[in-house]
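The values are calculated or read from the model by the stated rules, or taken from the named source; none is laboratory data. It should be emphasised that the depicted structure is a prediction, and the values quoted were computed from it without experimental measurement. When we count neighbours, we look across all protein chains shown, and the Cβ atoms used for this are built from the backbone with ideal geometry, even at glycine. Note: areas computed on protein heavy atoms with side chains; ligands, DNA, RNA excluded. Shrake-Rupley method; radii C 1.70, N 1.55, O 1.52, S 1.80 Å.
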Amino acid sequence: MCREDPAIRLVTHPLTGDSPGTLRRIEAHVWGTPGSGPKVYVQAGLHADEMPGILVARHLIDRLNHSEREGRIAGEVWVVPLANPVGLAQWTAHKPQGRHELAGLQNFNRGFPDLAELAAPLLEGRLTDDAAENLVLIRQAFAEALRNLPRANDTQELRLCLLGWSHDADCVLDLHCDHEAILHFYAAPARPADIASLARSIGAELVLVQEVSGGNAFDEAHTAPWVALRRRFGAAHPIPDGCFSATVEYRGQADVRDDLAAEDAARLMVFLGAIGAVRGEPVPRLGTSPVLPLDAAAEVFAPQGGIVLWRVAPGDHVKKGEVMAEILDPVTGKRVPVVSPTFGLVFRIELWRSCLRGQSLAHVAGNKVIRAGNLMSD
Ligand SMILES: [Zn+2]
């Protein structure tokens, strides 16, 4: 059960622990009044060992406290600065292991419940001719469906707690980071005005869009259900795109700087202003970010095992066939080039400078569709 302290608007959810004698908790900071404006939900650290987003969320809390003191909160804003205390405690051999839960090696940001599948039977015969009414009915059905799901372990408990807090939000931002990367985000294409507003507000260097990427990550768990429900009921009943959701990659693992995170939080406030959740923020800067389909992003693999010697960095543009790196086999001395499979923007590379043959090394964002199926790396 969630516990709410009305004096400081802190909502706490206990994780009772899969092993005896263990207790953790997730905390959400909440500002504003439900129904007074858009509900925005921001979380960080779902992949627990990604400090850039967690630091941005912490700075965002300070900024929202300040805005509240000035009476500038216009909607309802939730911030969960550390969404995954289970993953944060997972260290093996002196290295953090926050991406997958160690018991079953499931990615913490995959396998969220399919809200459309769960809510559809509850909506049969209840939808109306009014899109706004349907929005409310659908969110109520999401809530009812979530209440009935089993919570057999901490990972399920964690997922259902987060989704329980966010399923009725108008806007959901999930803050992450990549290995080494430029500032980019993933979103569904349904709400292009929100995509442009977020990109300009935070200064994103790239946006990757896909209606359904596969794997039901947290952002997709908020957008795909509206598409699926429209497919099922849309001929008879108007169904809006009820949520704008994005996974924001705050650059790379090592891009952890207090001044940078403070600036990123200030820019997030600009976005909250742009969507009407906070008053008195500056308007987003002008300019555009490239918006490219995720299924046109090429994955680059190692042709042999060895030492990775990069010739490019995130942010560089490459031509098809251009040498991006060499892999040096330190035993034989043989060097094999790694060439780009497409024309585009190198937006991320792996942290490690050693590689196995066949291992994923980097991604290049292009504009020609070259992939299908599940587009997410595990
Ligand atoms: Zn992540």
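On inspection, F271 passes the criterion of being open to solvent by less than 40 Å² (accessible area, probe 1.4 Å) and closer than 30 Å to R72 by Cα.
The residues of the stretch 88-103 that are part of a loop (DSSP other than H, G, I, E, B) and out of contact with any His (no Cβ under 7 Å at 6 or more places or on another chain), listed by number, are A89, Q90, A93, H94, Q97, L102, A103. Residues in the stretch 301-311 include at least one that is surrounded by fewer than 21 Cβ atoms within 10 Å (Cβ to Cβ) and within 30 Å of G111 (Cβ to Cβ). All conditions but one from (1) touching a helix residue (DSSP H, G or I) at 6+ places or on another chain (Cβ under 8 Å); (2) open to solvent by less than 40 Å² (accessible area, probe 1.4 Å) apply to R110; the one that does not is (1). Of all residues being surrounded by fewer than 23 Cβ atoms within 10 Å (Cβ to Cβ) and assigned to a helix (DSSP H, G or I) in the stretch 45-66, which is nearest to the ligand (Cβ to nearest atom)? Just the residue, please. Of everything passing the filter in the stretch 45-66, M51 is nearest to the ligand (Cβ to nearest atom).
Just one of the listed residues (V207, V256) is farther than 24 Å from W165 by Cβ, open to solvent by less than 20 Å² (accessible area, probe 1.4 Å) and in contact with a Pro (Cβ under 8 Å, 6 or more places away or on another chain), namely V207.
Listed here are the residues, each with its yes/no results for (1) free of Cβ contacts under 8 Å to residues at least 40 places away in the same chain; (2) crowded, with 23+ Cβ neighbours inside 10 Å; (3) farther than 21 Å from V77 by Cβ; (4) among the hydrophobic types (A, V, I, L, M, F, W, C).
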residue: L162; (1), (2), (3), (4): no, yes, no, yes
residue: S166; (1), (2), (3), (4): no, yes, no, no
residue: L173; (1), (2), (3), (4): no, yes, no, yes
residue: A181; (1), (2), (3), (4): no, yes, yes, yes
residue: A187; (1), (2), (3), (4): no, yes, no, yes
residue: A190; (1), (2), (3), (4): no, no, yes, yes
residue: L198; (1), (2), (3), (4): no, yes, no, yes
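Within the stretch 78-94, the residues that satisfy the criterion of being away from the ligand (no atom under 16 Å from the Cβ) and either more than 15 Å from L175 (Cα to Cα) or over 21 Å from the mean Cα position of the chain (by Cα) (or both) are A89, W91, T92, A93, H94. Taking the criterion of being within 19 Å of the chain's Cα centre (by Cα) and either in a loop (DSSP other than H, G, I, E, B) or more than 14 Å from the ligand (Cβ to nearest atom) (or both), the residues of the stretch 107-128 that qualify are F108, N109, R110, G111, F112, P113, D114, L115.
Being under 24 Å from the mean Cα position of the chain (by Cα), assigned to a loop (DSSP other than H, G, I, E, B) and not aliphatic (A, V, I, L, M) is the filter here, so list the residues in the stretch 323-358 that pass it. Matches in the stretch 323-358: E350, W352.
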